[in-house]
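The values are calculated or read from the model by the stated rules, or taken from the named source; none is laboratory data. Computed from a predicted structure; not experimentally measured. Note that we place each Cβ from the backbone using ideal geometry, even for glycine, and neighbour counts take in every protein chain shown. These area figures cover heavy atoms from the full protein model, side chains too; ligands, DNA and RNA do not enter into them. Shrake-Rupley method; radii C 1.70, N 1.55, O 1.52, S 1.80 Å.
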Amino acid sequence: MEETKRKNSDYIERAGKEVKNRLSVNDLISRLVNLVDGLEKAENNAFEALFDAYFLYFPEGASLLKERDRFIESIRGNITREKLASFLSITSSSMGYDMSDADLKLLEDVIKQISNLKELSKSINSHMDAVVRTNYPNLHAVAGTLVAARLILLCGGVKQLSFMPSSKIQVLGAEKGLFTKSKRTPKYGVIYHHAALESANQKKRGKIARIVASFISLAAKVDYFSKKDESKILLDKMNSKIRSLK
Amino acid sequence: MELNKVMDNVYWVGNNRRMLVSLNLVKEQSVYGERLVDVKGTQYREWIPFRSKLAAAIYKGVRGIELHSGSRVLYLGASSGTTVSHVSDIIGHNGQVYAVEIAEEMGVHLILLAKTRDNLFPIIADASRISEYKDIVPKCDFLYQDIAQKDQIGIFIENANAFLKRGGFGAIAIKSRSIDVTESPYKVIAAAKSQLQKRFIITNSVPLSPFQKDHELIFIRNG
Ligand SMILES: C[S@@+](CC[C@H](N)C(=O)[O-])C[C@H]1O[C@@H](n2cnc3c(N)ncnc32)[C@H](O)[C@@H]1O
């Protein structure tokens, strides 16, 4: 290697090209999943804090509205004790702290922002749906948008997924116990959020999980290698296999 | 404030609660949130042992690390450039650090950092595939590796064979629980050492707790 003075700008250019080459729609999908997760966390935290704040004001009313959507729907437009009490047919006298109009106005703003967060999550989800379907129609059909997206996030891309044995796909996302010495294999991976599994009864879940994982593996291979849209055939086959489980 | 030299461009600053710093090659730049300290008109960057294994080793008492102003370094597993930035401070404008990182998300940070430091040469490649960069990396004085991978020692030896000068030095970070999760940390380190000993002279070895959990930094000399 000759000893001319090296310039790091050549390396910067080369490395930059390498990065650009490697970035793909898989990275976009992973970031969208993280965005959805982040928003959901923010929404949960904001909701809990809002509930606590309202509980301070009207515990008798709030305690009847533990269910999240019902709480939001009920106090939206009924923020004062008088209104909420008549909405719930209870008395408005309360041991709670008497908030001012300005205090209550602030809580109304918080409700509005939480609803906005919800809307935002929805629009990210539907965009993600379009992205996954366009790029990986087979995986999209077999796994569903969110499971597909999470699998991509977990293993880095559809290429990696297509090379993965389906037994491993079945436990992806459940590897918390990886660094313990316990030999017990974790049971519940991301695919347990699959529609066919969430609704299934306990006894069948293991078997269904195996079927779903094997079709996800197949779908990933089709998306990665042949890039043909065989989603209908795959989905039909998977569903009939699941149905044939007694 | 008082400065006590540790190695080229690296100092302890302060009297009772001492803090490790390196001479800031790029004035006013903080790379990963570390504090900037001005002493007598010169700026230094805090070198945080919880963020950098090399700093942890110095806090644990390691001296005589063979990194100098003007050194040529091959750094494997550069990540976003936390430790690399301090190596860049140490070697100064006459040195060169070739920083290899496999993950492009991390690589982006490394490349952006290189744009501010003319002695930093970023390479997005897999350290187990030397062919990807053998034409663009020269013989080096120091080989540093921190990749926490299965065959990390094999990778280290291969890179040393290809790029480390005879008589050169190196250091490798061993995660005592990454190679085999069922093996005890002590055994993992012992096995790593005996593997390294077949090829190098081990000059020092230091556990990095409490700064870095389950890690050991092993220093070697090439023949
Ligand atoms: C623990 S981090 C390094 C932190 C860094 N040394 C510091 O102190 O700032 C390990 C890095 O090694 C990278 N890595 C793992 N295997 C690699 C390989 N085969 N080639 C190059 N980089 C690798 C990872 O992507 C990760 O960024």
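Points worth noting:
- Between the range B:82-161 and the range A:191-208, the alpha-carbon center distance in angstrom: 46
- Protection proxy ranking for B:190-196, B:166-172, using the average of other Cβ atoms within 10 Å per residue and placing the highest first: B:166-172, B:190-196.
- When Rg and Dmax are taken over the Cα atoms of the protein assembly as shown, they come to 28.6, 89 Å.
- Zone residues, the range B:193-207, relative to B:GLU183, backbone N less than 16 Å from point 7 Å out along Cα-to-Cβ: B:193-199
- Number of partner chain Cβ atoms within 10 Å, mean per residue of A:106-119: 0
- Contact order for the range A:137-246, expressed relative to its length and based on alpha carbon pairs under 8 Å spaced 6+ residues apart, stands at 39 percent.
- Gyration tensor (alpha-carbon) shape descriptor, the range A:137-246, a/c threshold 1.5: oblate
- Relative contact order, whole percent, for the range B:54-221 stands at 20, derived from Cα pairs under 8 Å and 6 or more residues apart.
- Per residue of B:120-133, other chain Cβ atoms within 10 Å of the residue Cβ number 3 on average.
- Value of [θ]222 nm, deg cm²/dmol, for chain A, DSSP H segments ≥ 4, -39500 (n - 2.57) each, nearest 500: -22000 deg cm²/dmol
- Within the listed set A:ARG210, A:ARG133, A:ARG76, the residue fluctuating most in the Gaussian network model of chain A (springs between alpha-carbon atoms under 10 angstrom) is A:ARG76.
- Here the relative contact order of chain A, from alpha carbon pairs under 8 Å that lie six or more residues apart, stands at 20 percent.
- For chain B, the mean residue ellipticity at 222 nm estimated from helices alone is -7000 deg cm²/dmol, where every DSSP H run of n ≥ 4 contributes -39500 (n - 2.57) and the total is divided by all residues, rounded to the nearest 500.
- Highest to lowest packing among B:108-117, B:82-91, A:84-93, scored as the average C-beta count within 10 Å: B:82-91, B:108-117, A:84-93
- Rg(Cα)/(2.2 N^0.38 Å) for chain B, N = residue count: 0.97
- Stretch gain in nm, segment B:LEU36-B:ARG17, where the contour uses 0.36 nm per residue and the Cα spacing is subtracted: 5.2 nm
- Compared with the alpha-carbon gap, the fully stretched path from B:GLU28 to B:ILE202 is longer by 58.9 nm at 0.36 nm per residue.
- Ranked by solvent-accessible area (1.4 Å probe, protein heavy atoms only, all chains present), the residues A:LYS241, B:LYS213 order from largest to smallest as B:LYS213, A:LYS241.
- Here the spin labels are modelled as points 7 Å beyond Cα on the Cα-Cβ line, and at A:GLU108 and A:LYS83 they lie 0.6 nm apart.
- Computed FRET value (nearest 0.05) for A:LYS66 with A:ARG31, which takes r as the C-beta separation and R₀ as 56 Å: 0.95
- Distance between modelled label sites at B:ASN161 and A:ASN116, nm, 7 Å Cα→Cβ extension: 6.1
- On full extension, the segment bounded by A:THR134 and A:ARG76 gains 17.0 nm, given 0.36 nm per residue less the C-alpha separation.
- Taking the DSSP bridge list for the range B:54-221 and keeping only pairs wholly inside it, about 40 percent are antiparallel.
- Note that the range B:3-48, at 10 °C in a medium of 1.306 mPa s, gets a Stokes-Einstein diffusion coefficient of 150 µm²/s from its Kirkwood radius over C-alpha pairs.
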